[in-house]
Amino acid sequence: MLTNWLKTSLLMAAVVALFGVVGSLLGGGTGMVVALILGGAMNLWVYWFSDKIVLRMYHAREVDENSAPRLYDTVRELAQSAHLPMPKVYVIDEAQPNAFATGRNPEHAAVAATTGILQLLTPRELRGVLGHELSHVKHRDILISTISATIAGAISSMAQLGLLFGGSSQNERNVHPLVALLIMIVAPLAAVLIQLAISRSREFDADRSGAEVSGDPQALASALEKIERYARGQPMAAAELHPETAQMMIINPLSGGGVQGLFSTHPSTEERIARLLAMAKA
């Protein structure tokens, strides 16, 4: 938990520094001061509201035991087993089978699942997936993953604004359009580097811990195999629009390579399955 808090603090410090550099390039000393203030304000904003921002990106709707009894009851049972507060439960109307957890701490957590995963998986397999997501909640992975997703999107937007307005700045100095173009390219790459603060090993840890919560490593292995197979042929529109959120999903939801591929923080699904099966045998 201490490591995740340290990573989050370093991530927020990096954001403020990046804002300062970009602000200086676009508007000199004045631009740097304004950007530093904006960077600090954004850190506070994403800490409190990043989970709501991500859920809104995916048009997630909150459900209860009446509107989604199987999903809600399974989350409740697993949360009790993991000694966690009951998180909010959401459904995303997407055909691609996938799921993620978000929130700033276990007391303010949410678990979201697509309609595709609810239709595809058996109750046993779904239980394995939800155990994995609640493991992220228990280990507080959700804070850094949610904040990094929101920050990366904001930095990309800031770079695009820099391209639009950088060449006509009337502050201490004008910015050449080529410099603004460079900022547009470099800032999203910096966002990708920030994403690398999220270790791929966290998925292995969540698989193991989630399998312990559900008591069924084989079910999670079976679920991962199914999700991987179906997700490849079923793009998720919201994830394609916001690739910085891909690292939150249990399986990488992106269909394309190139720049989008840089946002992938998932280890090999085959290796994850192999480890789970070895765990089941043990």
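The values are calculated or read from the model by the stated rules, or taken from the named source; none is laboratory data. Keep in mind the model is a prediction, meaning the values are calculated, not measured. FYI the Cβ positions are ideal-geometry reconstructions off the backbone, even for glycines, and counts take in every protein chain you see.
So which pairs qualify, if the first residue must be in segment 234-262 and closer than 20 Å to ARG272 by Cβ, the second must be modelled with pLDDT of 90 or more and acidic (Asp, Glu), the Cβ gap must be under 6 Å, and the two must be at least 6 apart or on different chains?
Matching pairs, first to second residue: MET236/GLU94; ILE251/GLU228.
Quick one: would you say LEU44 is of a type outside the set (Asp, Glu), within 20 Å of the chain's Cα centre (by Cα), surrounded by 18 or more Cβ atoms within 10 Å (Cβ to Cβ) and modelled with pLDDT of 75 or more?
No: the conditions fail for LEU44.
If you check every pair at least six apart or on different chains, which have Cβ atoms under 8 Å apart with a residue in segment 143-162 that is closer than 10 Å to GLU244 by Cα and of a type in the set (Ser, Thr, Tyr) first and a residue that is at pLDDT below 70 and not in a helix (DSSP H, G or I) second?
Here the result reads SER145/ILE198; SER148/ALA197; SER148/ILE198, each pair linking segment 143-162 to a residue that is at pLDDT below 70 and not in a helix (DSSP H, G or I).
A quick yes/no check of all residues on (1) buried (at least 23 other Cβ atoms within 10 Å of the Cβ); (2) in contact with an Asp or Glu (Cβ under 9 Å, 6 or more places away or on another chain); (3) at pLDDT below 85:
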| residue | (1), (2), (3) |
| --- | --- |
| GLN96 | yes, no, no |
| ALA113 | yes, yes, no |
| SER135 | yes, yes, no |
| ILE151 | yes, yes, yes |
| ALA154 | no, no, yes |
| GLN160 | no, no, yes |
| ASN174 | no, no, yes |
| MET184 | no, no, yes |
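Would you check if there is a residue in segment 102-121 being of a type in the set (Ser, Thr, Tyr), touching a residue at least 24 places away in the same chain (Cβ under 8 Å) and more than 18 Å from HIS266 (Cβ to Cβ)?
Within segment 102-121 (the criterion being of a type in the set (Ser, Thr, Tyr), touching a residue at least 24 places away in the same chain (Cβ under 8 Å) and more than 18 Å from HIS266 (Cβ to Cβ)), the answer is yes, since at least one residue qualifies.
Quick check, is SER24 small (Gly, Ala, Ser), over 21 Å from SER145 (Cβ atoms) and out of contact with any strand residue (DSSP E or B) (no Cβ under 9 Å at 6 or more places or on another chain)? Walk me through how you get there before you give the answer.
Details: small (Gly, Ala, Ser): yes; over 21 Å from SER145 (Cβ atoms): yes; out of contact with any strand residue (DSSP E or B) (no Cβ under 9 Å at 6 or more places or on another chain): yes.
Judged against the criteria, SER24 is a match.
List pairs: first residue in segment 79-92 and among the aromatic types (Phe, Trp, Tyr), second residue modelled with pLDDT of 95 or more and in a helix (DSSP H, G or I) anywhere in the structure, Cβ distance under 7 angstrom, at least six positions apart or on different chains.
That search, which allows pairs on different chains as well, returns TYR90/LEU55.
Can you name the helices (runs of 4 or more DSSP H) wholly within segment 236-282 that have at least 3 residues being at pLDDT 85 or above and at negative phi?
Result: 237-241, 269-281.
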